[in-house]
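In what follows, a structure is listed as structure tokens, so that the remarks can point back to it.
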Amino acid sequence: MLLSPAVAMRKFLWCLASWAAIGGLAMSARAAVVTVGDVPNAPPAGGGAVSGTFTVGEDNYGSVSVTGGDAISSTGRAILGENDAAFGVITLAGFGSDWTINTSSSDLHIGEGGRGTLDVTAAAVVTVPDNTILGVDSTGHGTLNIAGQGSLLLTGDDMFVGSAGIGAVTVANGGTAISDTLIIGDLASGQGIVTVSDVLTQWTVDNVTVGDAGAGRLEIDSAARMFSSGLAVGVTAGSTGMVEVSGVGSLLNVGAVQIGTSGAATLSVSDGARIVTTGAVSVATNAAGMGTIVVSGAGSRLNVTGALNTSAGEGWITVADAGVIVTTAASTISPTGRVTLDGGRWETSAATNAALSVGGLLQGAGVVDVQGITLTATTATRGRLAAAAGQQLLATGRVTNNGGLIDLDGGTLETGSLLDNTGQIAARNGAVLRIGATGLENNSTAQLAVTSGTVDVFGDVSNNAGAEIVVAGGGVGVFHDAVDNAGTIFVSSSSEIVLLDDLSFASTSTLALQLGANQAFGLVSVGGTAALSGALEVSLAGNFSAQLGETIEVLRAGDGITGAFTSTALPSLGGGLSLDVQYTGDSVMLAVVQGLPGDFDGDGTVNGNDLSVWQSAYGTSGLGDADGDDDSDGSDFLLWQRQFGSAASTRAAAAPVPEPSSVVQLLVLLAAAAIARRRI
């Protein structure tokens, strides 16, 4: 049967004492209790009890040294360094050189108003049944050192390190501390530091607070260990707290953890240390809270039983240099939260596609080994996933973008499963999007945008109805696998979309291309087969100019073209010119041809739709220009009237003006009404 640390230590001390009592342990020397200076109620020289208040250093310097196995005890409150100018020191050194406070309601004050120091070394033991307070008043400065194997602090109630003043506790070289609640940096003026260091050093405590209202710091290093049922760091507004666990073998084993409840707090795990929790971890619980967690270095781990969540305040989590965070429940990064991976790893065993729900920011280079990441959005915020140049972010499971932003500025995002996008993906400057076997589902209202440079997309892409793929800003989007388009693909002037596999268009799809000056045309290059359907929309950018007889290739397919676009929307070129869509076995071209006067919408026929264009453009733009003078006026209307009912295949260059039919008469009346309205 394993014994608790406290029971084991007590048994060890009892065995040694029994052995000494029967002569088995020879004491090399037997020293006295030595008292120096200002000690009003001094203990007996050979050890023994002190009745009433035990003060060492009431107004001046005073010290008590206990060595060689001579134990002392006291019945009242004990004070080391009572008043401002006082300095009180008690030294306990050696096995049996113990100090016990016997009354259950008696406190130990180290540095009440002055300076106080208690040193416990070489298997000595100090026992305090009630509170132990270091730095009691704002002028107080208390120090407690527990050093050496067998050296022990037993305190039965709360321990305050830096209550209103300054307190420092060191447990090292195999020393042990057992206490109830530990509060480091208690009141607003309090400053406390606790250091637990070295192999075999251990502190067992009920609950730990670092920075309650003051400033606190807890350091666990060099293979030391601390066990606690709870940890709170940076509790109230204005408080600051820092917990650092460092070095191989160093361990903080704790229950539930709160980092930056309403104050500023940092939790750091480095150089192979571990923090293991048996409860959830909450970061920046309230709006005023600022919580930071850093896990860095090979072997460094934060193992959380439960969730690791950021809340209303600013919660920043960094996992770097092969550090690892492991959780067992789905975790949430709030809109004010941030997770940065710098060669680190986040793992969870939570079996859900929202194992890591991000309403804030997930960025950097590293691995997120979870079943699913979900980006969330509100009316005011949206979750973001970002990778900059030189950064590679691997999500081993599914990524669901529910209204968030995936921002790849030269970085790489790789997913092990489906990328389900109902938000925005912005990629540029050498970014790489590498999607798992199930590919990218670009859903209604979603956008995948390539805005500059070359961007590579690996994995099948389904651009569903209502979704958009945009290649703009002179960028080149290279799609290495098949693309099925039921939504919109838009390619701006000077930009190009390259599809190394097949491209198919559904009846609901649109291919939108932009023509610019100096041969700056939006271009679609397909390595496989292009199966055409849906709409082709062409727009003009900049100072585009065309020459009669010019042919512009806008789509080419290495393995040929099947089908055709079922509708086209072509711009008016002016100057009596228009565009005509032409097909070959492996390309789609726009030919600059002599235009049909009055065909303002470029659909190859002159009808009422063209009159609507002219009405909207009358007196304001050249969209209703039929005579090549770059405006829309009555002359253009007359040309429209002459050509009404004509089609590109039957138009005549100099046809006589026909008698207006009843339909034309009605349209003329509508045109007149439009002109009249503009003149009012």
> Using 7 Å Cα-to-Cβ label points, what is the Thr566/Ser105 separation (nm, one decimal)?
Replying inline: 9.1
> Fully extended, how many nm does the chain gain between Thr352 and Ser51 (0.36 nm per residue separation, minus their Cα-Cα distance)?
Replying inline: 101.9 nm
> For the modelled label position 7 Å from the Cα of Asp157 along Cα-to-Cβ, which residues of the range 84-115 have backbone nitrogen atoms closer than 13 Å?
Replying inline: 102-109
>> Quick one: 3J(HN,Hα) in Hz for the range 284-300, Karplus 6.51/-1.76/1.60 with θ = phi - 60°, rounded, Gly and Pro as x.
In response: 6, 4, 9, 4, 7, x, 10, x, 10, 10, 10, 10, 9, x, 4, x, 6
> Once fully extended, how much extra length lies between Asn41 and Ala465, figured as 0.36 nm per residue of separation less the alpha-carbon to alpha-carbon distance?
Replying inline: 143.7 nm
> Pairing the Cα long axis of helix 5-21 with the longest principal axis of the chain, what angle in degrees results, from 0 to 90 and rounded to the nearest 10?
Replying inline: 20
> Roughly how many whole Å is it from the C-alpha centroid of the range 576-615 to that of the range 157-187?
Replying inline: 85
> What net charge is computed for the residues neighbouring Thr170, neighbours being all others with C-beta under 14 Å from the C-beta of Thr170, Lys and Arg scored +1, Asp and Glu -1?
Replying inline: -3
> Ranking Tyr618, Tyr61 by Cβ neighbours within 10 Å, fewest first, what do you get?
Replying inline: Tyr61, Tyr618
> By the gyration tensor of its Cα atoms, with a ≥ b ≥ c the square roots of the eigenvalues, what is the shape of the range 226-352: rounded for a/c under 1.5, prolate for a/b over b/c, or oblate?
Replying inline: rounded
>> Which of the three applies to the chain, rounded, prolate or oblate, going by the alpha-carbon gyration tensor with a ≥ b ≥ c and a/c under 1.5 meaning rounded?
In response: prolate
> Between the range 369-383 and the range 398-449, what is the C-alpha centre distance in whole Å?
Replying inline: 13
>> Between Asp206 and Ala85, what is the label-point separation in nm under the 7 Å Cα-to-beta-carbon projection?
In response: 4.1
> Residues with amide H under 5 Å of Ala386's amide H, sequence separation 5 or more or different chain, H placed in the peptide plane at 1.01 Å from N; which?
Replying inline: Leu362, Gln363, Gly364, Asp407
>> List the GluC sites (Glu not before Pro) within the range 500-580 that DSSP assigns to loop and that have no more than 16 neighbouring Cβ atoms inside 10 Å.
In response: Glu550
> Once phi is turned into θ = phi - 60°, what whole-Hz ³J(HN,Hα) does the Karplus curve with 6.51, -1.76 and 1.60 give for every residue of the range 171-187, x standing for Gly and Pro?
Replying inline: 10, 8, 6, x, x, 9, 10, 10, 8, 7, 6, 10, 10, 10, x, 7, 8
> For the range 605-645, what class follows from the C-alpha gyration tensor (a ≥ b ≥ c being the square roots of its eigenvalues): rounded when a/c is under 1.5, otherwise prolate if a/b is larger than b/c, else oblate?
Replying inline: oblate
> What spacing in nm lies between the two simple spin-label points modelled at Ser612 and Asp630, each 7 Å away from Cα in the Cβ direction?
Replying inline: 2.9
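Taken together, the values in this text are just the output of simple stated rules run on the coordinates, not laboratory data. Note that the structure is predicted; figures quoted are calculated from it, not measured. Glycine gets a Cβ as well: all are built from the backbone with ideal geometry, and neighbour counts include every protein chain shown.
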